[in-house]
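The values are calculated or read from the model by the stated rules, or taken from the named source; none is laboratory data. Computed from a prediction, not measured in an experiment: that's the story for all the values here. Cβ: placed from backbone, ideal geometry, glycine included. Neighbour counts: every protein chain shown. To get the accessible areas, we keep the full protein, side chains included, count just its heavy atoms, and leave off ligands, DNA and RNA. Shrake-Rupley method; radii C 1.70, N 1.55, O 1.52, S 1.80 Å.
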Amino acid sequence: YELGRSLLFKVAKVDPSAFDDLADAIADEKEGYANGIIQQINDALARALNFPRWWAQDREFRLMVSPREHEIVFTIRDRTGTDYSFAERSFGLRFFLSYYVQLLAHQPPSDGKSEILLMDEPDAYLSSQGQQDLLRILEAFALPEERNRQDQVVYVTHSPFLINRNAGERIRVLDK
């Protein structure tokens, strides 16, 4: 629930009043107006998430909201044009989305201090391509374009796909 709120309000910057307007439009059976609000929310999500940049496996991938009787649900549309619930998608995709949204919603400290993100096997459930996509997101988090600071991302992995071979100086190997 909190991840969804962060996605809509912090990341996509959807005005919370849009949901009140949507509820009113649905109650008043103003289907066109309700669809317009849903489209605006989905457009904001698409702009904020910019999946074609980060999810190489499917450049048409979209995370959207869809109205149900008395609720709004997140759905996933892929290159087939089919809408899926999260339960119908892989654990890898769900983990990828949760990491990505949490990193986008993260607010760095106001004092400008650097941070360290620690992760234990973030490659779990991800395909080799998904791991490479995650690697690009983690690198963008550690070395953001719009900030004058650098953070560190430290993770444990057994996967060669979650290692940037162009940055060998970053790799540490531990043996017992």
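Out of ARG89, ARG59, ARG53, ARG47, which single residue is surrounded by fewer than 16 Cβ atoms within 10 Å (Cβ to Cβ), touching a helix residue (DSSP H, G or I) at 6+ places or on another chain (Cβ under 6 Å) and within 20 Å of ILE137 (Cβ to Cβ)?
ARG59
Determine, yes or no, whether GLY168 is among the small types (Gly, Ala, Ser) and modelled with pLDDT under 90.
Criteria met by GLY168.
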Margin query: Return the residues of the range 127-153 that are open to solvent by 70 Å² or more (accessible area, probe 1.4 Å) and without any contact (Cβ under 8 Å) to a residue 40 or more places away in the chain; say none if nothing qualifies.
Written below: LEU143, GLU145, GLU146, ASN148, GLN150, GLN152
Next item on the list: Please determine, by comparing only the residues of the range 109-126 that are within 10 Å of ASP151 (Cα to Cα) and surrounded by 14 or more Cβ atoms within 10 Å (Cβ to Cβ), which one is modelled with the highest pLDDT.
Entry: LEU117
Notebook entry, point to check: Here are some residues: PHE96, PHE74. Which one is among the hydrophobic types (A, V, I, L, M, F, W, C) and either crowded, with 17+ Cβ neighbours inside 10 Å or over 17 Å from the mean Cα position of the chain (by Cα) (or both)?
Noted result: PHE96
Notebook entry, point to check: Pairs, please: C-beta under 8 Å, at least 6 apart or cross-chain, first residue more than 18 Å from ASP28 (Cβ to Cβ) and part of a loop (DSSP other than H, G, I, E, B) and in the range 63-79, second at pLDDT below 95 and open to solvent by less than 20 Å² (accessible area, probe 1.4 Å)?
Noted result: ASP78/ASP58; ASP78/PHE61; ARG79/ASP58; ARG79/PHE61
Check: Within the range 96-109, is even one residue small (Gly, Ala, Ser) and over 13 Å from GLY4 (Cα atoms)?
Finding: no
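Tell me, yes or no, whether the range 39-56 has at least one residue that is part of a loop (DSSP other than H, G, I, E, B), within 18 Å of ASP83 (Cβ to Cβ) and of a type in the set (S, T, N, Q).
Taking every residue of the range 39-56 in turn, none turns out to be part of a loop (DSSP other than H, G, I, E, B), within 18 Å of ASP83 (Cβ to Cβ) and of a type in the set (S, T, N, Q).
Please go through the range 9-45 and give me each residue that is touching a strand residue (DSSP E or B) at 6+ places or on another chain (Cβ under 8 Å) and within 21 Å of PHE95 (Cβ to Cβ), ordered by number.
Selection gives LEU45 alone.
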